[in-house]
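For reference, the structure is listed below as structure tokens.
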Amino acid sequence: MSKIGVFICHCGENISATVDCEKVAAEAGKMEGVEFATDYKYMCSDPGQTLIKNAIKEKGLTGVVVGACSPRMHEPTFRKACAEAGLNPYLCEMSNLREHCSWVHEKNEQTTEKAIDLVKMLVEKVKKNKPLNAIKVPITKKALVIGGGIAGIQAALDIANAGQQVIMVEKEPSIGGHMSQLSETFPTLDCSQCILTPRMVEVAQHPNITLYTYAELEHLDGFIGNFKATIRLKAKSVDYKLCTGCGLCTTKCPSKKIPSEFNEGLGMRTAIYTPFPQAVPNKPVIDRANCTYYQKGKCKVCEKVCPTGAIQYDLPDQFITEDIGAVVIATGFNVLKTDFFPEYGYGKYADVLTGLQFERLASASGPTLGEIRRPSDGQIPKKIVFIACSGSRDPAKGIPYCSKICCMYTAKHAMLYQHKVHDGESYVFYMDIRAGGKNYEEFVRRAIEDDGVNYIRGRVARIYEKGGKYIVKGADTLLGSKPVEIEADMVVLATAGVSNPGAEELAQKMHVSYDAYKFFAEAHPKLKPVETNTAGIFLCGACQAPKDIPETVGMASGAAAKVIGLFSNSELTREPLIAVVNRSAPPVFSTCVGCCMCQTACPYNAIEREEIKGRDGSVIKTVAKVNPGLCQGCGTCVAFCRSKAIDMQGFSNEQMFAEVMALLNE
Amino acid sequence: MSEFEPKIVAFVCNWCTYAGADLTGTSRIKYASNVKIVRFPCTGRIDFMLLLKAFAEGADGIIVSGCHPNDCHYTSGNFHARRRWVIFRGLLNFMGIDVNRIQFSWVSAAEGAKWADVVNSTVTAVRELGPYTKYQKAADYLAQQDQSIIDGQEAMIIK
């Protein structure tokens, strides 16, 4: 006979504002098999949990239903409380009265009725729950860090310094990411390369880090603690064991007119190239799409000049497989480019640049060696306009979010310009100045007050060319939308930060969620910012949303701490919510008929065939068997099973039918 | 007479639509209170016998929703669900069950507003279709037949 306890939470006023919690508890008390029902202001608080624990002990409850928030939020909390009171944690279920009821409906009788129904469903389900025990699996203590920007570098170093093995995969020929492209960084104006390159070298030399550049994740299998990663090592056409990085090949290569990715198209590179002089590893790769030999079949200049014979044209892509315990995604972001702004003439006018291009102009390692010069004619611009929120906060452009870093880097750009062009005039068009952060607001004030940058609050409607100048037409909304027209020599668009191309594909490979803008989704916006919905896969940096360097580094260390925490155990306990094939006494053994349809349905190869043998060793019957280490608990096999021999613990047929019938029977 | 309030059951997966419905709540988007959610680990777990059972027990409409194609937490559960739906829909139709009462959709964990839309549009559509008692009656009748056969057998044994 069931003795169910029902506990209805008010969640302060989050639930009780629209649901009559006392009535729900009273009605629950009348349900069949319910021994005890009550309501309380904060069930998740310490006194709330004590209330549940005491009731379990005093009333001898055989099951618990907590009507509160989403089980995705507090199911572990309440299950733990039950376990502490001596009740098997899997005999506790949560009814979602907040996200699925009180927050989405008005205060009326129907809402309370719905709450009662939701509780009733779970009461009927929990009656069919069975006590389960957690599964223990071993952990491979090796982390995979995807992306070698500042986020990946920080995470990899933190994990490696804690004594654990790390594999870093970077798709470009060098690590460094966007940070290596930056000139100086806000709010201190210290040189980006100066603080980054030592860390890049540290990664390359660290005994615990294996670095694969020009490589991509091809495939990821398995689960937390036991992933299997297949990595594609793209053909570099250069044998790195022989290459000394002398750079002779890159100076002699005849294909010299390829826009450099590192310089955002403002400079040129050769077909065999290292992305930038401080690259790690400082060894070249051949860009086959632009190489004369690969395209036309003759040239081979690099092979002739190479003193060590390192050039190998026929090297294919290689695939390696690694056992991994945890993954850190640090794939970063991109800035909106292309011809996204026809009204600003980007792509049409050579001197209308993105913020990242301006970084290259201002950088000492850039195409102009740090002098601000127009790409069109090499002249020093005397008047420059910066346009903040180019794309960001513009629902019409499909980007309603704030890119967060643009206010700060625009102030920095204007400052750098004023420092380099003393007689120049700079203007910034902005919507709002968002300078939240330590010393950030002071930095913007410095740009305005000390460096004399002209800030104009308003939007730019149009840019057009007239007599070698760019006419920027906008409005000053602080002067009552007064039209403003500036004859500029150069325009810099603070284009929105967007997700990387390929982010969606990568997310699908790893089965992690992503949001509407293809940024990776964290498991909880506040309490689990570095976790993903997939256990063992963590996030850091701008692949989750645009963010600045300090925040990225903080998040990377956070993700690293999670990995180190995971690796501090030798075994991992997993939820026992997996499929099982029934077994019974002879002569039946199992209702499984051995058709093994489940085997074809299983995405994890978790189902094996097992032979049941008699005493003489002859096979009596072949049945399916679930490997509990591999089963992830999707339950696809359960819906497939023709003889209903396979069932899922925690979501069994009995439980699900009980829920549906409870809901519909008055 | 008050308006007909349909009873609708939603079978959703834990990772996308259940989380999406949580987001609807977190975003405080209001929707009709006729829909009650049953949580499954994956749409691939949803045995379509459950849908028949729901109709037999008096549901007026059903929503099945999970992750978008390629986004399944378990790689391919939603593809199995989709394939099963394609086949099952034809069978239901043949059996004389109104397939317009089943709404199959993809709602991701980021689509809180879409979940509200799916619920509201399904409620409106089912409200127009009216109460669904045809299958319930048929199921009840069959259950009675079964019972009388069983009773008859018992009577025979006693004799």
What FRET efficiency, computed as 1/(1 + (r/R0)^6) with R0 = 56 Å and r the Cβ-Cβ distance, is obtained for B:H68 and A:T308, rounded to the nearest 0.05?
0.65
Mean shadow of segment A:579-648, computed from the convex hull of its alpha carbons, in nm²?
4.5 nm²
Under 10 Å, Cα contacts only: if you run a Gaussian network model on chain B, which one of B:W106, B:W15, B:W85 comes out with the highest mean-square fluctuation?
B:W85
Aspartates and glutamates whose Cα lies under 16 Å from that of A:K562, excluding same-chain neighbours fewer than 8 positions away
A:D158, A:E522, A:E531, A:E571
Pulled fully out, how much extra length does the chain show between A:K228 and A:T50, if you take 0.36 nm times their separation in residues and subtract their Cα-Cα distance?
59.8 nm
Taking 7 Å along the Cα-to-C-beta vector as the label spot, tell me the A:V588-A:S481 distance in nanometres, rounded to one decimal.
7.8 nm
Mind checking the dipole of the protein assembly as shown: about its Cα centre, +1 per Lys or Arg Cβ, -1 per Asp or Glu Cβ, Debye to the nearest 20?
1640 debye
Once you place label points 7 Å from the Cα toward the Cβ at A:S643 and A:R459, how far apart are they in nm?
6.7 nm
Taking every alpha carbon pair in segment A:336-498 and sorting the distances into 5 angstrom bins from 0 up to the bin holding the longest one, the percent per bin comes out as 2, 9, 19, 23, 23, 15, 7, 1, 0
Which of A:K30/A:K59; B:K7/B:K53; A:K53/A:K114; A:K120/B:K137; A:K256/A:K283; A:K420/A:K547 exceed 20 Å between C-alpha atoms? The answer is A:K53/A:K114; A:K120/B:K137; A:K420/A:K547
Using helices alone, what [θ] at 222 nm do you get for the protein assembly as shown, with -39,500 (n - 2.57) per DSSP H run of 4 or more residues, divided over all residues and rounded to the nearest 500?
-9500 deg cm²/dmol
Which of the residue pairs A:K348/A:K382; A:K383/A:K412; A:K127/B:K114; A:K404/A:K438 have a Cα-Cα distance greater than 23 Å in the structure shown?
A:K127/B:K114
Take A:N208, project a point 7 Å from its Cα along the Cβ direction, then tell me which residues of segment A:147-174 have their backbone nitrogen under 17 Å from it.
A:152-169
Separation of alpha-carbon centers, segment A:81-148 and segment A:212-236, rounded to whole Å
34 Å
log10 of Debye I(q)/I(0), alpha-carbon scatterers only, for chain A at 0.07, 0.11 Å⁻¹:
-0.63, -1.15
Among the DSSP H helices of chain B, those whose Cα atoms extend at least 24 Å along the helix axis and whose mean Kyte-Doolittle hydropathy is 0.0 or higher are B:112-129
Neighbour-count ranking for A:C44, A:C602, A:C637, A:C306 (other C-beta within 10 angstrom, fewest to most) reads A:C44, A:C306, A:C602, A:C637
Once you've got the GNM for chain B with C-alpha springs shorter than 10 Å, pick whichever of B:I37, B:I29, B:I102 has the biggest mean-square fluctuation.
B:I29
Computed over chain A: longest principal axis from alpha-carbon atoms vs helix A:46-59 long axis, angle to nearest 10 degrees, is 20 degrees
At R0 = 60 Å the Cβ-Cβ FRET efficiency linking A:I448 and A:Q318, nearest 0.05, sits at 0.65
Within segment A:262-276, whose backbone N sits under 20 Å from a point 7 Å along Cα→Cβ of A:Q295?
A:262-275
What full-extension length gain, to one decimal in nm, is calculated for A:H422 and A:Q379 as 0.36 nm per residue of separation minus the Cα-Cα distance?
14.0 nm
From a point 7 Å beyond the Cα of A:D239 in the direction of its Cβ, which residues of segment A:286-327 have a backbone N at a distance under 17 Å?
A:286, A:302-318
Förster-model FRET efficiency, 30 Å R0, A:K528 and A:A17, C-beta, rounded to 0.05:
0.70
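Values quoted throughout were computed directly from the atomic coordinates according to the rules given, and no laboratory measurement underlies them. Computed from a prediction, not measured in an experiment: that's the story for all the values here. Heads up, the Cβs are rebuilt from the backbone with ideal geometry, glycines too, and the neighbour counts pull from every protein chain shown.
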